[in-house]
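Single-structure report; data block below.
The values are calculated or read from the model by the stated rules, or taken from the named source; none is laboratory data. Predicted, not measured: the structure shown is a model, and the values here were computed from it. When we count neighbours, we look across all protein chains shown, and the Cβ atoms used for this are built from the backbone with ideal geometry, even at glycine.
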Amino acid sequence: MSVTYNWALLAPVAVPALGAVLLLVIDLCLPRLGRLHWILAAIILLAGAAFAVPLALPGADSPRRTLCLPNKDCLYLVDHVGVGLQLAALVSAAVVALLAFPIKVPGERAPVLGALVLTAAAGASGVAAAGDLGSWLVMLEVATLPTVVLVALRARRAAIDGALSLLTVSLVSFAILAMGAAMWFAATGGGLLNGGGLLQAAKTPDSHRILVLAMMFIIAGLAFKLSLAPFHSWTPEAVGGASTPIGAYLVVTSKVAALAALLVMVRSMNVLGNPVLGVLGVLAAVSMTLGNVMALREQSTLRFLAWSTVAQAGWVVLPLATVSSTSLRSAAGYLVVYSLATLVAFAVVTAIAHADGRGAATRLRSFGGLLRRRPVLGAALGLALLVLAGLPPGVVGLVAKVLALSPVAGNRLWVLAVVAALNAMLGVAVYLRWLRIILGERQEPVARGRIHPVHTGLVLAGLAGLVVTSFAPQLLLSIVGG
């Protein structure tokens, strides 16, 4: 049985996967490179992203397929939305690697950490293009399991607690996903996600009921990974205990992987009707409400960003509660905007933690007067918060919220639209609370160390990205075909 291969199409997955092995081999030959392994990891990730860029251009064919069997069923297929999520996963992982580079860790840990980030990024990129149930499940777990070790290797009690919480959730979510996958296979008689067996099973009452139940299990398993309430409990513990760059990975790159996995399944959900989509609507409403309420009372910076992730996850899945031709692009577009703003916020927090000590960056009140003390960091963090709140001049955040609400309003889901609108107003209060601290007076003595040039460069690049995309949001949204 012959299978067709398109290596350029597979490169966004193959390059970081092979790069993880290469990084360990380099460490074996040159063990004294130490933290330079982070630079090598970032270069490998950006090289993988470079292969995805031509596929994301407006004129590129969509979808693109490879690993095709003689019966024309393909195990790897990616459209503009999938390619955009591959780019988001690889670039955000590269940013995490660069954020981690200046931070001192034992020399033997850097190559291991870098290889884990590369492996997880390969899984995040691969799940966006999975065409069969086995590849989808394996790639999703490859994107998830390394994060447990990434959190634990900080080797402090909070990190161990967070890693245990993350491990427990990962095992539970895998069990739930495996159950859903088994039901899917039983109903369709095969593992292809878009094969004829799915349509045939959807027309048979008994198989249709099994498919609906399978999708409920799959949504529940993915809700753990997306930090959707009430499956969110691991998020504050893991993000609060991890190092700040790994916290960025947890709330950005891992969310890209989870959404990519969900979108692959959503393409099949439309044949199952409203019960499945209604569950997503309920999860979206509960998640954004709980996340905003908890963030409003949070005093820890990292836990604040974790609760922000819970709330924003609700906005990400909001468009998927509708049967709309634009719902997938709307969800992916919102996630890309959220990812950029959140990475900028984490870049600022990481820069301050490295320069002044972790204690100076883990309490909201420590950011008092940041705009006066460090104007560039204060401006970048302030604009990132405005984007997350959807307020001018963070116009790209406002556009993303309109994009997420449009399918809901277009399908006349007025209850869900009202809940989202109320949460938009509550979110303004959440992010303005931190912004007021940045603009206010310093409330406690803060050390003034030197910001590392790499952190400065990343903050400046993020600030420029937010400014440019607020003037021209389409530049960012176009990578997912928005």
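What do you reckon, is Leu23 assigned to a helix (DSSP H, G or I), touching a residue at least 24 places away in the same chain (Cβ under 8 Å) and surrounded by 15 or more Cβ atoms within 10 Å (Cβ to Cβ)?
Answer is yes for this residue.
Could you pull out the residue among Thr309, Thr326 that is over 19 Å from Phe231 (Cβ atoms) and either among the hydroxyl-bearing types (Ser, Thr, Tyr) or modelled with pLDDT of 95 or more (or both)?
Answer to the selection: Thr326.
From the residues in the range 430-444 that are assigned to a loop (DSSP other than H, G, I, E, B) and in contact with a Gly (Cβ under 6 Å, 6 or more places away or on another chain), which one is modelled with the highest pLDDT?
For the range 430-444, the residue satisfying everything is Gly440.
Mind telling me which of the residues Leu116, Leu90 ends up being within 14 Å of Val15 (Cβ to Cβ), modelled with pLDDT of 80 or more and under 17 Å from the mean Cα position of the chain (by Cα)?
The unique qualifying residue is Leu90.
Could you give me the residue pairs with C-beta distances under 6 Å whose first residue belongs to the range 248-274 and is of a type in the set (Gly, Ala, Ser) and modelled with pLDDT under 95, whose second residue is buried (at least 24 other Cβ atoms within 10 Å of the Cβ) and in a loop (DSSP other than H, G, I, E, B) wherever it lies, and which are 6+ apart or on separate chains?
Pairs found: Ala260/Ala128.
Output yes when any residue across the range 212-235 is of a type in the set (Lys, Arg), touching a Leu at 6+ places or on another chain (Cβ under 9 Å) and part of a helix (DSSP H, G or I), and no when none is.
yes
Just for the range 191-234: of the residues that are of a type in the set (Gly, Ala, Ser) and surrounded by fewer than 17 Cβ atoms within 10 Å (Cβ to Cβ), which one is farthest from Val252 (Cα to Cα)?
Selected residue: Gly196.
What about Ala360, is it surrounded by 24 or more Cβ atoms within 10 Å (Cβ to Cβ) and either of a type in the set (A, V, I, L, M) or under 30 Å from Leu475 (Cα atoms) (or both)?
It is false that Ala360 is surrounded by 24 or more Cβ atoms within 10 Å (Cβ to Cβ) and either of a type in the set (A, V, I, L, M) or under 30 Å from Leu475 (Cα atoms) (or both).
Anything in the range 143-178 that is hydrophobic (A, V, I, L, M, F, W, C) and not in a helix (DSSP H, G or I)? List them, or say none.
Within the range 143-178, Leu153, Ala155 qualify.
Determine which single condition Leu133 fails, assuming it passes every other condition in (1) modelled with pLDDT of 90 or more; (2) surrounded by 19 or more Cβ atoms within 10 Å (Cβ to Cβ); (3) within 20 Å of Ala258 (Cα to Cα).
For Leu133, the exception is condition (1).
Kindly indicate whether Gly123 is in contact with a Phe, Trp or Tyr (Cβ under 8 Å, 6 or more places away or on another chain) and either on the phi > 0 side of the Ramachandran plot or assigned to a helix (DSSP H, G or I) (or both).
Judged against the criteria, Gly123 is not a match.
Name the one entry in Ala345, Ala355 that is surrounded by 24 or more Cβ atoms within 10 Å (Cβ to Cβ) and in a helix (DSSP H, G or I).
Ala345
Give all pairs with beta carbons closer than 8 Å in which a residue from the range 122-150 that is over 18 Å from Leu193 (Cβ atoms) and free of Cβ contacts under 8 Å to residues at least 40 places away in the same chain meets a residue that is part of a helix (DSSP H, G or I) and among the polar types (S, T, N, Q); count only pairs at least 6 apart in sequence or on separate chains.
That search, which allows pairs on different chains as well, returns Leu145/Ser170; Pro146/Thr119; Val148/Ser170.
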